[in-house]
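Working notes, beginning with the structure itself.
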C-alpha cells in the first residue's frame, strides 16, 4: 500500500499540495531548505488540519549525496518506513534535491510523480520502474478541483481575512460582479476583500478547478495604479496558477496604452459599461461577457 508521500518543497506550494489531495496518503514527509521553511510551514498547517500525519526534514539545497543520505536515514532508520509504501513527488525542491530523491526511488523501485500545469489544466505524470530498474511506463492523471480557494490562499499567504465589500458605490459594484461570478466558479468558491498583513488587498479572489483568479474591481475607468496593484498582488501570491484581472464599470477605449500594458503583464481587462448605479446591477450582456471571459481565462 503506497500510503507515504515524499515531497520536495520549493518556492511554489501548489505542486506539492495537488498530488497529496489527489492520492490522499496517510503520511507525508516534507523535505525543505532554509529558504523554503515558510512555504513548508504553510503546507504543514493545511495538511495537519486535513488529518494527515506530517513529518519535516531540513536538507541542504545543493548537495546531492548529503540530501540522499539524509532522506535515507529519515525514511529507513528514524521512521522505519518500508520503501514499498513510498511515492516520491519530484516536482518541487532544487535540482540537487530532485536528483537525490530520484536515486532513492530508482534504488528502491518506488514510483514517482511530476506535476505539470499549463494555461488550462493541471496534470500529474506517474512513473514506475520495472524489476531491472529501468523506467517502465508512465500514466497521466488530469487533476480536477482537488484544492479549495482557502487552500490556495493559505498556501501562499499563511493567514488572511475576507473583509467583504466596501461600504460605498464601489462596494456595490464589487457585489454585482461577485453575484455574477459566483455561479460560474467551482463550488461557488469566491471571496471578497481578501486582506493579508497590510500588504495584500484583493477585491475578489475566485477558483475554477485548480486555477485561481484575483481581480481589481473598480467602478471608474482603467488607471495605471490598478495595474500596479494587481501586479503587486500577483508577485505576492507568486503562483503560476494565478490569473490576474481588472474589472471596470466603464469603457477603457480612451486608454489604449494601458490596455497594451495590461496585456504585456498578462492582466485581463474586462469592461462592464452597462452597470446600473441606481439598481446596483449588471446588464445581461455584461454578465455574459464577464462570466465567459473569466471561465475561458481559468481554463473552463
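The values are calculated or read from the model by the stated rules, or taken from the named source; none is laboratory data. Everything numeric here is computed off the predicted structure, so don't read it as measured data. In this analysis, Cβ positions are derived from the backbone assuming ideal geometry, glycine residues included, and neighbour counts consider all displayed protein chains.
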Exactly one of 84, 89, 130 is in contact with a strand residue (DSSP E or B) (Cβ under 8 Å, 6 or more places away or on another chain) and more than 23 Å from residue 18 (Cβ to Cβ), and that one is 130
Those residues that are modelled with pLDDT of 95 or more, within 25 Å of residue 225 (Cβ to Cβ) and either assigned to a loop (DSSP other than H, G, I, E, B) or touching a helix residue (DSSP H, G or I) at 6+ places or on another chain (Cβ under 7 Å) (or both), I need them from the stretch 276-293; list them, please.
282, 290
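Residues are listed down the side, and each one gets a yes or a no for (1) surrounded by fewer than 18 Cβ atoms within 10 Å (Cβ to Cβ); (2) farther than 18 Å from residue 206 by Cα:
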| position | (1), (2) |
| --- | --- |
| 93 | no, yes |
| 111 | yes, yes |
| 138 | yes, yes |
| 153 | no, no |
| 158 | yes, no |
| 167 | yes, yes |
Hey, residue 160 hits all of (1) farther than 30 Å from residue 279 by Cα; (2) assigned by TED's automatic domain parsing to the domain that holds residue 211; (3) in contact (Cβ under 8 Å) with a residue 60 or more places away in the chain but one; which does it fall short on?
(3)
Specify which of the listed residues (142, 105) is outside any strand (DSSP E or B) and out of contact with any helix residue (DSSP H, G or I) (no Cβ under 8 Å at 6 or more places or on another chain).
105
Whether any residue in the stretch 248-255 is crowded, with 18+ Cβ neighbours inside 10 Å, assigned to a loop (DSSP other than H, G, I, E, B), at pLDDT below 90 and in the same structural domain as residue 268 (by TED's automatic domain parsing) is what I want to check.
yes
For residue 37, the lone unmet condition from (1) in a loop (DSSP other than H, G, I, E, B); (2) free of Cβ contacts under 8 Å to residues at least 24 places away in the same chain is (1)
Only one of (1) closer than 30 Å to residue 186 by Cα; (2) touching a strand residue (DSSP E or B) at 6+ places or on another chain (Cβ under 8 Å); (3) not in a helix (DSSP H, G or I) fails for residue 51. Which number is that?
(2)
Please determine whether any residue of the stretch 212-230 is farther than 26 Å from residue 168 by Cα, in contact with a strand residue (DSSP E or B) (Cβ under 9 Å, 6 or more places away or on another chain) and surrounded by 13 or more Cβ atoms within 10 Å (Cβ to Cβ).
yes
Condition check: in a helix (DSSP H, G or I) and either modelled with pLDDT under 90 or crowded, with 19+ Cβ neighbours inside 10 Å (or both). Does residue 240 satisfy that?
no
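Listed here are the residues, each with its yes/no results for (1) part of a helix (DSSP H, G or I); (2) under 27 Å from residue 40 (Cβ atoms); (3) not assigned by TED's automatic domain parsing to the domain that holds residue 229.
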site: 116; (1), (2), (3): no, yes, yes
site: 123; (1), (2), (3): no, yes, yes
site: 127; (1), (2), (3): no, yes, yes
site: 133; (1), (2), (3): no, no, yes
site: 136; (1), (2), (3): no, no, yes
site: 173; (1), (2), (3): yes, no, no
site: 178; (1), (2), (3): yes, no, no
site: 187; (1), (2), (3): yes, no, no
site: 193; (1), (2), (3): no, no, no
Within the stretch 113-136, residues surrounded by fewer than 19 Cβ atoms within 10 Å (Cβ to Cβ) and either at pLDDT 90 or above or under 28 Å from the mean Cα position of the chain (by Cα) (or both) come out as 114, 116, 118, 119, 120, 121, 123, 125, 126, 127, 128, 129
Here the residues within the stretch 3-31 that are assigned to a helix (DSSP H, G or I) and in contact with a helix residue (DSSP H, G or I) (Cβ under 7 Å, 6 or more places away or on another chain) are 14, 16, 17, 20
